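Novice: Got a structure for you, questions after.
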Amino acid sequence: MDVLGRYKNLIVLAAVLFAQILGLAVQVKRSTDPESSRLIRVWAVGAVTPFEKALVWIQSSTGNLWHSYLYLRGVRVENRQLKEQIERMRLEQVRLSQDADQARRLQALLAFKEQFISQTMAAQVIGLSGSEQSRSVYIDKGEKDGIKPDMAVITADGVVGKVLHVYGSTSLVLLISDQSSGVGAILEKSRLQGILRGTPAGEVTLEKIMSDETVLPGEPVLTSGGDRIFPKGLSIGTVTRVVPGSESFLTIRVKPAADLSKLEEVLVVTRIDERQAEPEQSGPMRAVDILAERLPSVPPKPENAPAGTATAKPPGTTQNPSASALSGTAAPAVSGANSAAGPDAKPKTPAPASGGPPVARKPAATGPGASTAGGSPQVKISQKTAKPPAEPKPQPPPEDNPQ
Amino acid sequence: MAITYTSGEQVEVYRFSLPATILIPLIAVFLQAWVPLRFHFFSIFDLPLLITIFFAMARRSQIAGLLTGALIGVLQDSLTHQPIGLYGLSKTVVGYGASSLGVKLDAENAGARLLLTLFFYVVHEVVYFLIARGLVSLHMEWSWQHELWSGLANAFLGVILYAVLDRFKQRT
């Protein structure tokens, strides 16, 4: 008893160390079973994340108040520039949609099945793991919101990671820069496929590409879809450095497209669908159609208006016949989204960057925010940029083509 | 009261109220997980380690020190996706060591605190590295330069933090 009393401290130290080593060994042995330490993790996450959520909420509310109501310097100029940009992009979209239609026709001929993101959920990043060795973040969506393990997490810029552990109202997302992560990747130009892994230092490398291949810095890296987590064609990053690695493979450093050190809002891909490509049913929209929408027009005179007086009708009710006839679409800048087009009008084409099935059909063209549910970063952007009043809402492709 | 090697005088053994004992480590773990989200450079600091060293040196009880370290470490582990025990084991060792030195040294002045924190930071990193490499087979890189700079940064923060936390001390 005297010996026990004398070495009491050392005995307690040995017991505590032994217990933890034993626990560690059990977890390492059952590495595929995350339930072995679930209870402790749930308690810890439950103790810490409510404070994180509260702080993030206060911070974002204060920021919104400041940026949305108080600090509006330069908003008008920005609004005008964005309108001009929209016009340029709509013209560009015409060209791209024709290319996309052609691609879809070819894919349909080949019975090509493609994956596309059909549903995403916006989530706020509320905290980190607190360790440099564990590159992961907590988001404010969990089991209650329908989040499940292995769901892909992205931003508008590119891939972020995947959901690792799901708790009641939070989830742990493993970043692509963590050394235990792995993403199927493909180089955009050379079409070489490899595996994207994180390093202990938090960098991202592309592995399993033979050293006799030529890979140049600056080449974009996309998801290959081979991991069955990330749909094919999402942007991962850009090659920054290529050096010979071990076992006749190249070591390719990749700079992630998404800024993993400054994550605030992310999108969790809650559903990925796979379907066969179908050719676009609606007729192509011509550049002249877009230009016609931009033409200035004189609104029709009301029947009871006195002669020589031009009375403008309220927005959303006026239809410019000449523009409509020329373009075949409801001129959004004049008439609003739901104006009735003439009987010979072509179906409306969804507005660019607004989402909807025609855009979501092709993953590469979709962009992470194109088809979102429950809000997305794009929603936030649109609040700030103040859309034009008569911007048409996205509409599904028409069932029947009048032409 | 214990007698130190350095001063030759008896040193105080402190205790803390229950709210301080529970909330201070919780707040440290919370800040460690939240602040680097806004200020990325903050990830160089290890607030839970500083709290472990502070409690261990103030209480001057080896069992209390190692248990405090173990609990804080396990809590920190629970927020990561890695096996629970990596930080737990490292901080247990640090808690035991800091309380053992706290009994023998007068760790009330800033200079001693700076050196002790730097020393225990390196001990913590070495233990963590060995466990991660040896038991969990994690790929880790060791850089003396990085560890020493991080240790110095933590030591300076520790001196400031300990001065604030001294207000929560209660004489036995």
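Novice: Angle between the Cα long axis of helix B:110-134 and the longest principal axis of chain B, 0 to 90 degrees, nearest 10?
Specialist: 40 degrees
Novice: Here's another thing I want to ask about it. Expressed as an acute angle from 0 to 90° and rounded to the nearest 10, what is the orientation of the C-alpha long axis of helix B:86-104 relative to the principal long axis of chain B?
Specialist: Approximately 20 degrees, to the nearest 10.
Novice: Which shape class applies to segment A:113-160: rounded if a/c is under 1.5, otherwise prolate when a/b exceeds b/c and oblate if not, where a ≥ b ≥ c are the square roots of the Cα gyration tensor eigenvalues?
Specialist: Working: a/c = 2.17, a/b = 1.56, b/c = 1.39.
Taking the square roots of the gyration eigenvalues as a ≥ b ≥ c, segment A:113-160 is prolate.
Novice: Next question. Give me the angle, in degrees from 0 to 90, between the Cα long axis of helix B:144-165 and the longest principal axis of the Cα atoms of chain B, rounded to the nearest 10.
Specialist: So the inclination is approximately 40 degrees.
Novice: Taking the Cα centre as origin and putting +1 on Lys and Arg beta-carbons and -1 on Asp and Glu beta-carbons, what dipole magnitude results for segment A:61-168, to the nearest 20 debye? Don't skip to the end; give the middle numbers.
Specialist: Details: 15 positive and 13 negative charges, 57 e Å.
Charge dipole, segment A:61-168, about its Cα centre: 280 debye, nearest 20.
Novice: Counting only protein chains, not ligands or nucleic acids, how are B:Tyr14, A:Tyr71 ordered by accessible area (probe 1.4 Å), most first? Walk me through the numbers before you get to the answer.
Specialist: Numbers: B:Tyr14 35, A:Tyr71 110 Å².
My answer, sorted largest first, is A:Tyr71, B:Tyr14.
Novice: If you take the square roots of the eigenvalues of the alpha-carbon gyration tensor of segment A:49-159 and sort them as a ≥ b ≥ c, do you get rounded (a/c under 1.5), prolate (a/b over b/c) or oblate? Mind showing how you got there, number by number?
Specialist: Values: a/c = 3.09, a/b = 1.25, b/c = 2.47.
Verdict is oblate for segment A:49-159.
Novice: Next question. Using protein chains only and a probe of 1.4 angstrom, how many square angstrom of A:Arg104 are accessible, to the nearest 10?
Specialist: 10 Å²
Novice: Pairs of Cα atoms under 8 Å, at least six residues apart: use those to get the relative contact order of chain B, whole percent.
Specialist: Values: 251 pairs, mean separation 45.0, N = 172.
Value for chain B: 26 percent.
Novice: If you don't mind, another one. Apply 1/(1 + (r/R0)^6) to the Cβ-Cβ distance of A:Lys262 and B:Met140, taking R0 = 22 Å, and write down the FRET efficiency to the nearest 0.05.
Specialist: Details: r = 25 Å, r/R0 = 1.14.
Result of the calculation: an efficiency of 0.30.
Novice: Let me ask you something else. Can you give me the solvent accessible area of A:Arg90 with a 1.4 Å probe, rounded to the nearest 10 Å²?
Specialist: 30 Å²
Novice: On to the next question. Ignoring everything but the protein chains, give the 1.4 Å probe accessible area of A:Arg88 in square angstrom, nearest 10.
Specialist: Taking all protein chains as shown, A:Arg88 has close to 150 Å².
Novice: Based on DSSP H runs of at least 4 residues, each adding -39500 (n - 2.57), what is the mean residue ellipticity at 222 nm of chain B after dividing by all its residues, to the nearest 500 deg cm²/dmol? All intermediate terms of the calculation are to be shown ahead of the outcome.
Specialist: Details: 6 runs with 117 residues, N = 172.
-23500 deg cm²/dmol, from helical runs alone.
Novice: Provide A:Thr49, A:Thr62 ordered by accessible surface of protein heavy atoms (probe 1.4 Å), highest first.
Specialist: Result, largest first: A:Thr62, A:Thr49.
Novice: Which of rounded, prolate, oblate describes segment A:150-263, given a ≥ b ≥ c as roots of the alpha-carbon gyration tensor eigenvalues and a/c under 1.5 marking rounded, otherwise prolate only if a/b is larger than b/c? Numbers along the way, then the final one.
Specialist: On the way: a/c = 1.93, a/b = 1.77, b/c = 1.09.
Because a/c hits 1.5 or more and a/b exceeds b/c, segment A:150-263 counts as prolate.
Novice: I need the Debye-formula profile for segment B:1-150: one equal scatterer per C-alpha, no solvent, reported as log10 I(q)/I(0) at q = 0.10, 0.15, 0.20 1/Å, two decimals.
Specialist: Reported log10 I(q)/I(0), two decimals: -0.35, -0.78, -1.30.
The values are calculated or read from the model by the stated rules, or taken from the named source; none is laboratory data. Just so we're clear, the structure is a prediction, and the values are computed from it rather than from any experiment. Backbone-built Cβ (ideal geometry, glycine too); neighbour counts: all protein chains shown. Note: areas computed on protein heavy atoms with side chains; ligands, DNA, RNA excluded. Shrake-Rupley method; radii C 1.70, N 1.55, O 1.52, S 1.80 Å.
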